[in-house]
Every structure is written in structure tokens, then in C-alpha cells.
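S.K.: Handing you a structure now.
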Amino acid sequence: MRKQKRTRWSALVMFTVILALLTACGSNGGGATNNQPNNTNEGAGNGNTVNETPAATDTPFPEKSIELIVPFNAGGVSDILARAFAEAANGVIDQQITIKNVGGGSGTVGNYELVKAKPDGYTWLWAATGHISSALHITPAQYTRDDFTIVNKAGEMAVTVVVPKNSPFQTLQDLIDHAKANPGEVTVGNPGESTVVALLAQLLEDREEIQLQHVPFQGSGPLLPAVLGNHVDVGFMNVPEISGQVAAGELRALAVLSENRVDQLPDVPTAKEQGVDVAGGASHFIVIPNDVPEEVVQKIDALTKAVYETDRFKELMDQVGYQIAYKNGADSLQEVNDWYETTEDLYRRLGRIE
């Protein structure tokens, strides 16, 4: 029984363990450090991209430490991933990477900090899909999506649809069919209103023309036991948060909402494989201010891509169930713009924007 309990919570505990280890060692070159300033207000955006193929230049870079802004408080997923990146950069990037947590405004306060930064290439943002795209529909911003540059995409955290082990739903289609026959009956838990995860649940509802009863929680922590305890019929959660429970047979995964199957749940089909056109999740990007010299932008792209390819980064990402999925700047911008347009249409249908 004790062994089963350990398995049950291993995925969530791993996030905390990785954060503690990264904070303790805090190293990249001279060591990654953490600064957490007073929060201000507002912000978000994205716009320019780098060329697809970096060109060799003689511009020396980097010659001093790099500040990596995490637009959320310490301890969250973005913070864990950014610290893992900083550790793995040791030996690839010769200068220290300083982690700076700037929480508030659903990530937009940190974005604004980036936009205001000097365009010399020494201030980066560890950005997530939501706060550089969909959040801008409902969150006031002091700038537009054209006010910063996406260098590349590091990877993504896929979302999955899970049900308790004793649920009558064996497939995603079972869930959809039941919801069509019983409008508003199926309760669907999500980790918070307006999160990317919650928007995917609403997107499923919209595209399949069904009516679900959405139940927002204050994060995935309280959502997981609610799904395990049958307090909600269905949970929309990030793959790493439930992979342990699926492996233990305590939850059943009906689908992953991504373009391809994920390594952590290789036997679980995507929604698209099942004929349901819903895919998305929290992708993460390296973002810099506009007007950084092009040769420096290309070097940042090459250096960060080299970090993603290190054995250490792959090891750390595997431990937290993160999918490394590099995209160049142009393809990254297209992904962000597609999500912005998708959620704009969804918000209009929901009556949240005009």
C-alpha cells in the first residue's frame, strides 16, 4: 500500500524535488541566481522573429551575465523549467544566467519587464503560450504582441483528458456522446479559469457542440484528488501531473491534446487520432526585446538550441515529463499567432470579448 501511494503522488512530488535541487545548486557557469523584485502591473506581447538559419558572425556574445525573466513566482512550472535550462546551460553558455522572478498579471508583469529592457541581448524571457497570446484578450496590456521578439521554442507540456478508474467513459468519444445526450451533466475540472488547460476544455465543448459543466480549481494540486475521488467526472490536466496515477491504474487517460503522442503516455491516443480537432498546451519560448542586433539574436538562437540538445537538459525534462520540441522563431510565432486567433474566436463565442 505504501508503494502504491508513493507511485500515486510521484509526478507531483517530482516538480518540488527538481525545483529544490535546482535552487540549491543554482549553477550556470558561475551559477544561476534568483532575484525577485517588487511586482508592478500590466503587460504582454510578441512580434518579431529571428531568421530560420543562424549565420556566423564575429560579434562577441555573451560577454557578461544574462538575466532570464520568469513571469511567475518561484516554485511554479515555468520557474522549474527555467532553472533547469540555466543548469543545463553550464558549459554551453560561458556566462552566468540569473533567474529573475517577476510574478503578477497572469504573466504580463514579467512580459512588460522584458519589453522595457535594453535591447542588447542580455535580457531574456522564459515565456509561455498563454501569457503571450490568449491572456491578451482579457488582460490589460501596456504594449502589443508586436513589441518583443520570439527567438525560438524550447518545448511543450501536453494536456490530457483523464477520468477516475471506475468511470464509464472508456474513450473520448464515450465522453462526447454522453455529453450530447445529457447537456450540462458532465462535470469537468480544470486548474483555473482562463488557463490554457481550461481553454482547451472549452474548445472541445465548442467544436463538438456539447455542453459541459466547468469546475475551476485553484491549481492542479486540489484538482487531482477531486478527480481521483470522483468529485468531478473528468479532469483536464498537464501530462506530468497525472502520469503516475495513469501508470498505477488509478486514472484513465482518454486522450492527449497535442499534435503527436507524448513519451510519458505512449499508449494514449491524441484527440486528433480519434477524430476530434483539439490540440494545444503550454509551450515555452525564449523571448527578447525588439531591436536586438540580428547577429546577436542568431547567436542566442544557436546557444539556446544547443542547451536544449544537451543530455542534462533532456534528463531534467524527462524527470518532469516535459516534451522538448524546438522550433525556430518564424514557426514559433506562427504557433503563438494561431493560438491567439483560436482563443479570440472562442472568447467571442463565450461572450467574453466583443
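The values are calculated or read from the model by the stated rules, or taken from the named source; none is laboratory data. Note that this is a predicted model, so its numbers are computed, not measured. Cβ atoms come from the backbone with ideal geometry, glycine included; neighbour counts cover every protein chain shown. All accessible areas refer to the heavy atoms of the entire protein, side chains included, with ligands and DNA or RNA removed. Shrake-Rupley method; radii C 1.70, N 1.55, O 1.52, S 1.80 Å.
S.K.: Mind checking whether some residue in the stretch 142-157 is out of contact with any Phe, Trp or Tyr (no Cβ under 8 Å at 6 or more places or on another chain), under 18 Å from residue 339 (Cα atoms) and hydrophobic (A, V, I, L, M, F, W, C)?
M.R.: Scanning the stretch 142-157 turns up at least one residue that is out of contact with any Phe, Trp or Tyr (no Cβ under 8 Å at 6 or more places or on another chain), under 18 Å from residue 339 (Cα atoms) and hydrophobic (A, V, I, L, M, F, W, C).
S.K.: Kindly provide the set of residues from the stretch 316-354 that are over 26 Å from residue 264 (Cα atoms), in contact with a strand residue (DSSP E or B) (Cβ under 9 Å, 6 or more places away or on another chain) and among the aliphatic types (A, V, I, L, M), ordered by number.
M.R.: Once the filter is applied, which keeps residues that are over 26 Å from residue 264 (Cα atoms), in contact with a strand residue (DSSP E or B) (Cβ under 9 Å, 6 or more places away or on another chain) and among the aliphatic types (A, V, I, L, M), the stretch 316-354 yields 330, 333.
S.K.: Report, ordered by the first and then the second residue, all pairs with beta carbons closer than 9 Å, sequence separation of six or more or different chains, a first member in the stretch 318-330 that is under 16 Å from residue 88 (Cα atoms) and assigned to a strand (DSSP E or B), and a second member that is open to solvent by 10 Å² or more (accessible area, probe 1.4 Å) and modelled with pLDDT of 95 or more.
M.R.: 324/309; 324/314; 326/305; 326/309
S.K.: If you don't mind, there's one more thing I want to ask. Say we look at the stretch 202-228 and pick out the residues that are outside any helix (DSSP H, G or I) and either touching a residue at least 60 places away in the same chain (Cβ under 8 Å) or among the polar types (S, T, N, Q) (or both); which of these is surrounded by the most Cβ atoms within 10 Å (Cβ to Cβ)? If you could, list the steps in order and put the result at the bottom.
M.R.: Kept after step one, since they are outside any helix (DSSP H, G or I), are these residues of the stretch 202-228: 208-219.
Narrowing further to those that are either touching a residue at least 60 places away in the same chain (Cβ under 8 Å) or among the polar types (S, T, N, Q) (or both): 208, 211, 213, 218.
Numbers: 208: 19, 211: 12, 213: 15, 218: 9.
Applying the filter and picking the extreme gives 208.
S.K.: Could you list, in sequence order, the residues of the stretch 264-285 that are open to solvent by 30 Å² or more (accessible area, probe 1.4 Å), over 18 Å from the mean Cα position of the chain (by Cα) and at negative phi?
M.R.: Taking the stretch 264-285 and keeping what is open to solvent by 30 Å² or more (accessible area, probe 1.4 Å), we get 264, 266-267, 269, 272-275, 277.
Going one step further and asking which of them are over 18 Å from the mean Cα position of the chain (by Cα), we end up with 266-267, 269, 272-275, 277.
Matches in the stretch 264-285: 266, 267, 269, 272, 273, 274, 277.
S.K.: Right, another one. Of the residues that make up the stretch 165-183, is at least one charged (D, E, K, R), touching a Leu at 6+ places or on another chain (Cβ under 7 Å) and farther than 30 Å from residue 107 by Cα?
M.R.: Looking only at the stretch 165-183, we keep the residues that are charged (D, E, K, R), and these are 165, 174, 177, 180.
Now narrow it down to the ones that are touching a Leu at 6+ places or on another chain (Cβ under 7 Å): 165.
Restricting the remaining residues to those that are farther than 30 Å from residue 107 by Cα gives 165.
The answer is yes; a qualifying residue exists.
S.K.: While we're looking at this one, here's another question. In the stretch 101-190, which helices (runs of 4 or more DSSP H) lie fully inside it and hold 2 or more residues that are within 19 Å of residue 254 (Cβ to Cβ) and in contact (Cβ under 8 Å) with a residue 24 or more places away in the chain? Walk me through how you get there before you give the answer.
M.R.: Working: elements: 108-116, 129-132, 172-181.
Correct list: 172-181.
S.K.: Of the conditions (1) without any contact (Cβ under 8 Å) to a residue 40 or more places away in the chain; (2) in a loop (DSSP other than H, G, I, E, B); (3) not small (Gly, Ala, Ser), residue 95 satisfies every one except a single condition; which number is it?
M.R.: The number of the failed condition is (1).
S.K.: Can you name every residue in the stretch 177-196 that is surrounded by fewer than 23 Cβ atoms within 10 Å (Cβ to Cβ) and over 20 Å from residue 241 (Cα atoms)?
M.R.: 177, 178, 180, 181, 182, 183, 184, 185, 186, listed by residue number.
S.K.: Now for a separate question. Checking the structure you have, find out if any residue of the stretch 274-289 is aliphatic (A, V, I, L, M), part of a loop (DSSP other than H, G, I, E, B) and within 19 Å of residue 86 (Cα to Cα). Show your work before the answer.
M.R.: Taking the stretch 274-289 first, the residues aliphatic (A, V, I, L, M) are 276, 278-279, 282, 286-288.
This time we only want the ones that are part of a loop (DSSP other than H, G, I, E, B), so: 276, 278-279.
Filter once more, so that each one left must be within 19 Å of residue 86 (Cα to Cα): none.
Scanning the stretch 274-289, I find no residue that is aliphatic (A, V, I, L, M), part of a loop (DSSP other than H, G, I, E, B) and within 19 Å of residue 86 (Cα to Cα), so the answer is no.
S.K.: I would also like to ask the following. Given the condition open to solvent by less than 20 Å² (accessible area, probe 1.4 Å), small (Gly, Ala, Ser), out of contact with any helix residue (DSSP H, G or I) (no Cβ under 9 Å at 6 or more places or on another chain) and in a helix (DSSP H, G or I), answer yes or no: does some residue in the stretch 237-250 qualify?
M.R.: no
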